[in-house]
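The values are calculated or read from the model by the stated rules, or taken from the named source; none is laboratory data. Here the structure is a predicted model, which means the values were calculated and not measured. Here Cβ is always computed from backbone atoms with ideal geometry, including for glycine, and neighbour counts include all displayed protein chains. Accessible surface areas use protein heavy atoms only, side chains included; no ligands, DNA or RNA. Shrake-Rupley method; radii C 1.70, N 1.55, O 1.52, S 1.80 Å.
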Amino acid sequence: MSLEILWNGLGWPLIRLLLFISLGLLVGNIVEGLRWTRAMGRLANPLIRAGRLKDISGASFALAFFSGVAANSMLSEAYEKGEINDRELVISNLFNSLPTYFLHMPTVFFIAAPFIGHVAFTYVGLTLLAAFVRTGAIVLWGRYSLPADGGCGDVAERLKGQESKSFREVLDKALKRLKRRLPKVVYLTIPIYTAFFFLRYYGVFTAFQNYLGEHLSFLSWLDPQVFGIIAFSLAAEFTAGLAAAGSLLGSGAIEPRGIVLALIVGNLLSTPVRALRHQLPYYAGIFRGKMALKLIVYNQGLRAASLVLVGSIYFVLTM
């Protein structure tokens, strides 16, 4: 292998990727810190009324655009006081999935974009569509299962008390978060990107594809390189799957459609791990035992169902 091949196929693409990742993380953190998603809080009033949820649910929904912990703590306190029952708590908690998604969407996009370029618009767009599907289903659930006397107040009034930060404060916080997160991303990206370069160069993926065709014909329709993306998504985290996807996409070894489907499948299969690693400690600290588990099951189940629906539609439309 010549130095020219190493530089053009691995060196320069990796350097360029790390530069864009750094910029993407910084911009994503700034967007989150400026709280531009606040305008989405205006959706709360009509949706809360349509879902027959109470005033406290509307306040939690609006607050979730800024802090998921604060929003769930508000619901937990209302539940302990008897202001909402079990069903209202479950529906209200699920309802917060949309603002929670918007809260983190800038960072997700600006991490994905350096790895997979314009494909990030498709992937993030599909996950956003899934979030809207979940919201629609939750509103219908509330509409047909809750009494019509919820009495939602004006959620917009509750937003006026939210404190805004100056751009300097936002920038300082974004730089601190970048310093904490960037090393971990770099440590994942470099070895994975390098490994996929050599696996592709020495024909490992081609050999695997031939093996599937000869021994596992029922899986031959799958691109073997997709398994690598899914495996890294499961074994490590979202960034690892993106690093694998970026390496394959950059070399032209796999089409954008395959990247999107692989990321969605990896997202789906990592649901149990995500629930145990991230949601369980977080929910257990806010809600009591059985209710915490119940909310996690409902959250992850609905999330998985919406991704399956959206992913299936994408799969059929792009055949």
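Brief remarks on what is shown
- Label-to-label distance for Asn8 and Thr318 is 2.8 nm, based on points extended 7 Å past Cα in the beta-carbon direction.
- Listed residue pairs exceeding 23 Å between alpha carbons, taken from Lys184/Lys290; Lys54/Lys294; Lys81/Lys294: Lys184/Lys290
- Sites Glu255 and Lys184, calculated FRET efficiency, Cβ-Cβ separation with R0 35 Å, nearest 0.05: 0.75
- Additional length obtainable on full extension of the chain from Ala284 to Tyr144, 0.36 nm per residue less Cα span: 47.5 nm
- Here the simple spin-label model places points 7 Å from the Cα toward Cβ, and for Ala304 and Leu269 these points are separated by 1.4 nm.
- Taking every protein chain into account, the 1.4 Å probe leaves Lys54 with about 60 Å² of accessible area, to the nearest ten.
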